[in-house]
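Q: Just dropping this structure here.
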Amino acid sequence: QVHLVESGGGLVQAGGSLRLSCAASRSLVSIDGMGWYRQAPGKQRELVARITSGGTTTYADNVKGRFTISRDNAKNTAYLQMNMLKPEDTAVYYCKARGRPSTNWVYADYWGQGTQVTVSS
């Protein structure tokens, strides 16, 4: 089975830092890219950052200069380093990976369960 496991969320004060991790199961292969999304109460889910298999990154404008996405392809893991956190960053953060199960050739998007990030002022 394919699954993504997220960790690293928590409660921090404004200006603090957190690092999120997203480990995709080894059964997910040929991953095109991985990304982090977030959803605050009453808001639509939005892209935070994504990274291609080749290492090209994309960031939402409101996190540029504060967040850094990276990945370790050998570990099927993506990371999101979040610095200078603001209360506006409070949300559930979700990891997404696009790839295919090792048992077939059908590509699909896979989502983690989400991890809560709360930034207090």
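Q: With respect to THR118, is the statement that it is open to solvent by 40 Å² or more (accessible area, probe 1.4 Å), outside any loop (DSSP other than H, G, I, E, B) and out of contact with any Phe, Trp or Tyr (no Cβ under 8 Å at 6 or more places or on another chain) true?
A: yes
A quick yes/no check of all residues on (1) more than 14 Å from the chain's Cα centre (by Cα); (2) exposed (fewer than 14 other Cβ atoms within 10 Å of the Cβ); (3) not small (Gly, Ala, Ser):
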| residue | (1), (2), (3) |
| --- | --- |
| GLY10 | yes, yes, no |
| GLN13 | yes, yes, yes |
| GLY33 | no, no, no |
| SER70 | no, no, no |
| ASN76 | no, no, yes |
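Q: Taking MET82 as the residue in question, decide whether it is open to solvent by less than 20 Å² (accessible area, probe 1.4 Å) and touching a Ser or Thr at 6+ places or on another chain (Cβ under 8 Å).
A: Values: open to solvent by less than 20 Å² (accessible area, probe 1.4 Å): yes; touching a Ser or Thr at 6+ places or on another chain (Cβ under 8 Å): yes.
When the stated conditions are applied, MET82 passes them.
Q: I'd like the residue in the stretch 15-26 that is of a type outside the set (A, V, I, L, M) and more than 11 Å from the chain's Cα centre (by Cα) and, out of all such residues, is surrounded by the most Cβ atoms within 10 Å (Cβ to Cβ).
A: Within the stretch 15-26, the subset of a type outside the set (A, V, I, L, M) is 15-17, 19, 21-22, 25-26.
Retained after the next criterion (residues that are more than 11 Å from the chain's Cα centre (by Cα)): 15-17, 25-26.
Values: GLY15: 11, GLY16: 14, SER17: 11, SER25: 16, ARG26: 10.
This residue is SER25.
Q: Please verify whether the stretch 85-99 includes one or more residues that are over 12 Å from the mean Cα position of the chain (by Cα), exposed (fewer than 14 other Cβ atoms within 10 Å of the Cβ) and among the acidic types (Asp, Glu).
A: yes
Q: Could you check the stretch 51-98 and list, in sequence order, the residues that are touching a residue at least 24 places away in the same chain (Cβ under 8 Å) and in a loop (DSSP other than H, G, I, E, B)?
A: ASN76, ASN83, MET84, LEU85, LYS86, THR90
The values are calculated or read from the model by the stated rules, or taken from the named source; none is laboratory data. Predicted model, so just to flag it, every value in this text is computed and none were measured. We place every Cβ from the backbone using ideal geometry, glycine too, and count neighbours over all the protein chains shown. Heavy atoms of the whole protein, side chains included, go into the accessibility calculation; ligands, DNA and RNA do not. Shrake-Rupley method; radii C 1.70, N 1.55, O 1.52, S 1.80 Å.
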